[in-house]
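Report on the following structure.
The values are calculated or read from the model by the stated rules, or taken from the named source; none is laboratory data. Just so it is clear, the structure is predicted and the values come from calculations on it, not from any experiment. So basically every Cβ, Gly included, is an ideal-geometry build from the backbone, and we count neighbours across all protein chains shown.
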Amino acid sequence: MESVLLNRPVKRMGAPEIFFITLLLAVMFFMSIPFVMAGEIRRDSASDAPSPSLQSPHLQPRQKDGVVNGEDEEEAAETSEDKVFSDLLGEEGATPAPIEPEERPYGIFFEGELRSAVWYQTHEPNQWLTANRLDLEAERPFGNLMLAAKFRMDYENLENENHVEMDFRELLADYRFKPEAMAYLDVSVGKRMIYWGKGDEIRPLDRVCPEDLTTFYYYDKNDRKTGIRGLFVDAAFHEKLRLEAFWSPYFEKSRIPGPGSYFEPAAMKTFVDAGGVLGDDQSNGWQSDAALGGRLLFSVAKTDVGLYAYRGIDPNPTYGVSKMVTAVPIPFPPYVMPIDPTPVEITPFHPKVTMLGFDFERVLGPTVLRGEVAYLPQGYYTSVKWQDQADLLYQYPSGLKETRPFQYLVGIDKNDLFVHNLFLNIQYVGAFISDYDNNLDANQFTHGMTCTVRYSFMDSRFQTRWRLFGNLTDGDYRNLLEFSYKPVNWAMISVGGIWYGGGDKTDSFGQYDNNDFIYTQLKVIF
Amino acid sequence: MKHFLRIILLAIIMGPLNGWCAQIGPYDSARTTEDGRMIAEAVKDVNRPAKDLLIKGVMTLKSGDKTADVRKVIIKQKTCENLIRAMFRFMDSLKRGVTFLTIEIDGPDNDQYLYIPALERPRKVASSDRQNDFEDTDFTNEDLGARKIDDYDYQRRKDVKMGDRLCYKVIARSKDTTARFPKHISWIDQETFIPVQVKVYGRDNQLERVMVAGDIQAVGNIHIPFKTVSKDLKRDHTTILKVVSAQADTGLDVHEFNKDQMGETWKASF
């Protein structure tokens, strides 16, 4: 007989073959009996299960009605574990229509944020002030090329007059190369912000970018920055080894509170009120060696480490004596009377600073340990005690001496401390002047701390924040306490207060003892 | 006789096509530990994308019956030399830009980082925080990729039918005596190896949390649930993750899954 399908003759089976096939089928039949019977029991369980109503209408586990006779304890426990919560899948969630990237206008990624705040000074003269900030961000990719911009507009009246400031914080073109020997190589040209260091708010290493300090520390450090102009390179040789470097041929200074400003430094005010002259600050401008720096980032033994080097013009000013008098005229011979050197003009200047440093971050038990150290071997100036010893001005005519300090910080973070969503950050900050001498109007060791506690609840609809900056050496401090409410997921209303105290009028925070204020802020994102 | 042997061989080969099923086999009380671990490994491996996975979804947070927040999320996953890297980012609301990165390593603890846009740098997440909730959700950091097979002991229990799906049932007990959730019971669909239900127990052995997965769909060669619901029974708080779109093996760049790139704008958006 021929098989049409196999196209070959079919051999008839003999007795041995029939026996083995029959045996195989029998074994398969008997082995399947337990599984079939188990399936019947489970089907019976499912069909007999009642659906009891529970406290939550969204929680309707189906369960066996009591324990089947004959089940032992373990099986009974297992059966109760098998309660099914599949009704949870009936929970309704939102499903917006998806928007494809091609529908972005001109393919540009765009977002913005508006913050508007009103301040009330709690001391005389009880001023009402306003600080408003609009941030816009846009990016447009063209293959491996990215064009990016961050624009900011500020409106405030902290300087006794309405003031509008506009700035491109970033404006750059970035191209990603993918050479064979490296993970990637990014080259950017334009204006770009640099974020160095691992500290929160206080970062000894993060001194490259100019900042807007007219509102002092009301805005966080990253929020105060603007970029530097130049060429930037980011080279990832390996996932755990990266080199960043930049060169900037343009100097831009920080914005500092000036005379008459809400945060005018007390020493500046005293000097000006006494008839002293405040000289003009250096102008922004092109300078081929304005800034050059880089950092090497790598991981070793589960620790993220960075090594830093920087040489550049300090965007923050140092104030030095630029004119002094050593004699005054008298109406009788010898018609000139020598006096102790007395400064009559102070001028801000921007020294060229050299900085070397490192930072690290590592998980340590239930916390994360971070730290950084900056050493400034050149370009850092400290005041001498000319106010107590006027003749020091003969030795140091600017009233300053170049010193070599170490500045350091170590901190820990803890999420969910005691309760969910309670975040704690504590940092110790310090400075040590390695070439200290007794002529300096400073301590060899300076100690301080920062503490931040944040708590949010009801799905972050409510948030509270407390932040303390404390100078342990001088005893002055800055406290911030804020409460926020999120009425919709694109807006937040905050009320808070910032108060200063301790120390004296020459200290960083103590000088603003009368500048405590409460505020309310509205933040909207789009 | 040759023809007869060919038939026998064909009958043997015509068993389950899924290699894992063939290895795991039916429930055997003498192999509960080995099978339990094997099932856990299968859950981890079977639905691992060959190259990468891109998921766009919407997350709804509910407190009781009230919707507290709705956020768009994008989840990216990359397989690098059999190890997984995963990134999770909120795309809108006041949490926009918050990004979570998990890098699986050959070692006791995976590396995890959290990027918050205001900080402009990634922060390490302590491994002891792995069972803490991620932001305001009812998913833990461990659920987002920090779970290590070796962190748990496993016991297989008898197979259970969940609806129309036959499931493996596995109890996982944490080796960490201080774990917030020391016991998990999972019901794993035998066909797709997706855990369709997970019960999470607290230190007092009380049921604290339930996760259920539904609308399981094939995406390329793997399966993913297009709806996942996690409910905290104590707080009566629910997180619903609905997948809007999922694409496998689209060619995601491995360098995106780097802690120093966490702040970069993503091309994917919706």
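Residues that are charged (D, E, K, R) and in contact with a helix residue (DSSP H, G or I) (Cβ under 9 Å, 6 or more places away or on another chain) number at least 3 in the following strands (runs of 3 or more DSSP E) confined to the stretch A:98-190: A:128-142.
The single condition among (1) touching a residue at least 60 places away in the same chain (Cβ under 8 Å); (2) out of contact with any Asp or Glu (no Cβ under 7 Å at 6 or more places or on another chain); (3) buried (at least 22 other Cβ atoms within 10 Å of the Cβ) that A:Gly199 does not meet is (2). Listed by position, the strands (runs of 3 or more DSSP E) contained in the stretch A:365-479 that have at least 3 residues being within 14 Å of chain B (Cβ to nearest Cβ), buried (at least 16 other Cβ atoms within 10 Å of the Cβ) and in contact with a Ser or Thr (Cβ under 9 Å, 6 or more places away or on another chain) are A:405-414, A:422-433, A:445-457, A:462-471. Looking only at residues of the stretch B:227-240 that are surrounded by fewer than 22 Cβ atoms within 10 Å (Cβ to Cβ) and part of a strand (DSSP E or B), we find that the one that is nearest to the other protein chains (Cβ to nearest Cβ) is B:Lys227.
Would you call B:Val244 under 16 Å from the mean Cα position of the chain (by Cα), of a type in the set (A, V, I, L, M, F, W, C) and either within 12 Å of chain A (Cβ to nearest Cβ) or part of a strand (DSSP E or B) (or both)? When the stated conditions are applied, B:Val244 does not pass them.
When you check A:Trp499 against the structure, is it in contact with a Leu (Cβ under 9 Å, 6 or more places away or on another chain) and surrounded by 18 or more Cβ atoms within 10 Å (Cβ to Cβ), yes or no? Taking the combined requirement at face value, the residue satisfies it. Output yes when any residue across the stretch A:151-168 is within 14 Å of chain B (Cβ to nearest Cβ) and in contact (Cβ under 8 Å) with a residue 40 or more places away in the chain, and no when none is. No, because not a single residue in the stretch A:151-168 is within 14 Å of chain B (Cβ to nearest Cβ) and in contact (Cβ under 8 Å) with a residue 40 or more places away in the chain.
Considering (1) more than 15 Å from the chain's Cα centre (by Cα); (2) outside any loop (DSSP other than H, G, I, E, B); (3) buried (at least 17 other Cβ atoms within 10 Å of the Cβ), the lone condition that B:Gln155 does not fulfil carries the number (3).
The residues of the stretch A:503-526 that are assigned to a loop (DSSP other than H, G, I, E, B) and either within 14 Å of another protein chain (Cβ to nearest Cβ) or surrounded by fewer than 16 Cβ atoms within 10 Å (Cβ to Cβ) (or both), listed by number, are A:Asp504, A:Lys505, A:Phe526. Taking A:Gly294, is it modelled with pLDDT of 90 or more, within 21 Å of A:Lys191 (Cβ to Cβ) and surrounded by 13 or more Cβ atoms within 10 Å (Cβ to Cβ)? Judged against the criteria, A:Gly294 is a match. Of the residues in the stretch B:72-83, none is under 30 Å from A:Met458 (Cα atoms), within 8 Å of chain A (Cβ to nearest Cβ) and modelled with pLDDT under 90. For the stretch B:199-226, a tally of residues being crowded, with 19+ Cβ neighbours inside 10 Å and facing another protein chain (nearest Cβ under 10 Å) returns 6.
Residues in the stretch B:252-270 that are part of a loop (DSSP other than H, G, I, E, B) and among the polar types (S, T, N, Q): B:Asn258, B:Thr265, B:Ser269.
So that you can scan it fast, the table gives a plain yes or no per residue for (1) more than 9 Å from chain A (Cβ to nearest Cβ); (2) at positive phi; (3) of a type in the set (Val, Ile, Thr):
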site: B:Asp129; (1), (2), (3): no, no, no
site: B:Ile149; (1), (2), (3): yes, no, yes
site: B:Tyr154; (1), (2), (3): yes, no, no
site: B:Val170; (1), (2), (3): yes, no, yes
site: B:Ile185; (1), (2), (3): no, no, yes
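Residue by residue, here is whether (1) within 14 Å of chain A (Cβ to nearest Cβ); (2) closer than 24 Å to B:His255 by Cα; (3) outside any loop (DSSP other than H, G, I, E, B); (4) touching a residue at least 40 places away in the same chain (Cβ under 8 Å) holds:
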residue: B:Ala40; (1), (2), (3), (4): no, no, yes, yes
residue: B:Ile55; (1), (2), (3), (4): yes, yes, yes, yes
residue: B:Lys62; (1), (2), (3), (4): yes, no, yes, yes
residue: B:Asp69; (1), (2), (3), (4): yes, no, yes, yes
residue: B:Arg85; (1), (2), (3), (4): yes, yes, yes, yes
residue: B:Arg89; (1), (2), (3), (4): yes, yes, yes, yes
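Considering the stretch B:91-107, the residues that are more than 18 Å from B:Arg48 (Cβ to Cβ) and within 10 Å of chain A (Cβ to nearest Cβ) include one that is surrounded by the most Cβ atoms within 10 Å (Cβ to Cβ), namely B:Leu94.
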